[in-house]
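The values are calculated or read from the model by the stated rules, or taken from the named source; none is laboratory data. Keep in mind it's a predicted model, so treat the numbers as computed, not measured. Ideal geometry is used to build each Cβ from the backbone, glycine not excepted, and the neighbour counts take in all protein chains shown.
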Amino acid sequence: MEALAKLRNCPMSARKMRLVVDNIRGKSVDDALNILRYTNKEAAGWLEKLLLSAISNWASKSEVASPEDYRLFVKTAFVDGGSVLKRFRPAPHGRANRIRKRMNHVTLVVENKLEIQD
């Protein structure tokens, strides 16, 4: 059984987020949480909350007592570009330079390796 968690309109560029997402893709949930806890990037904080949300979604969907017994792993993790806020900054000679404040959307899927016993 798999569970999905999405983070929409995260105020960070997709390129920066992908650096951290690539580290946890395919890893077990415990390993992924340890990697995120000790990664020194802003994206790690966002992804740690998202992974905890995906684990909680899996637990509520499967209605089991504890998800630790089913060897959860990060099945799919990907980052898509979101909307862009455009701002202008004054430049020399009366010109204006465009500033793009990028956002992204993260999708995280966790799945169990062991079958759920009914």
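Six or more apart or on different chains, Cβ atoms under 9 Å: show the pairs whose first residue is in region 39-51 and within 13 Å of P11 (Cα to Cα) and without any contact (Cβ under 8 Å) to a residue 24 or more places away in the chain and whose second is polar (S, T, N, Q) and surrounded by fewer than 17 Cβ atoms within 10 Å (Cβ to Cβ).
none
Might you check whether a residue that is small (G, A, S), closer than 22 Å to E115 by Cα and surrounded by 15 or more Cβ atoms within 10 Å (Cβ to Cβ) occurs anywhere in region 35-43?
Step one: list which residues in region 35-43 are small (G, A, S), which gives 43.
Add one more test, that the residue is closer than 22 Å to E115 by Cα, and what stays is none.
There is no residue in region 35-43 that is small (G, A, S), closer than 22 Å to E115 by Cα and surrounded by 15 or more Cβ atoms within 10 Å (Cβ to Cβ).
Being surrounded by fewer than 16 Cβ atoms within 10 Å (Cβ to Cβ) and touching a strand residue (DSSP E or B) at 6+ places or on another chain (Cβ under 6 Å): is that true of F78 here? Outline the logic, then answer.
Working: surrounded by fewer than 16 Cβ atoms within 10 Å (Cβ to Cβ): yes; touching a strand residue (DSSP E or B) at 6+ places or on another chain (Cβ under 6 Å): yes.
Taking the combined requirement at face value, the residue satisfies it.
Could you tell me which of the residues L33, L72 is among the hydrophobic types (A, V, I, L, M, F, W, C) and closer than 20 Å to C10 by Cβ?
L33
When you scan region 29-62, how many residues do you find that are outside any helix (DSSP H, G or I) and modelled with pLDDT under 95? Working first, answer last.
Taking region 29-62 and keeping what is outside any helix (DSSP H, G or I), we get 38-41.
Cutting the leftovers down to modelled with pLDDT under 95 gives us none.
Number satisfying all stated conditions: 0.
Just to be sure I understand the filter: pairs with C-beta atoms under 9 Å, separated by 6 or more residues or on different chains, first member in region 1-17 and touching a residue at least 24 places away in the same chain (Cβ under 8 Å) and in a loop (DSSP other than H, G, I, E, B), second member surrounded by 12 or more Cβ atoms within 10 Å (Cβ to Cβ) and hydrophobic (A, V, I, L, M, F, W, C). Which pairs pass?
Qualifying pairs under 9 Å: M1/W58; P11/M103; M12/A43; M12/W46; M12/M103; S13/M103.
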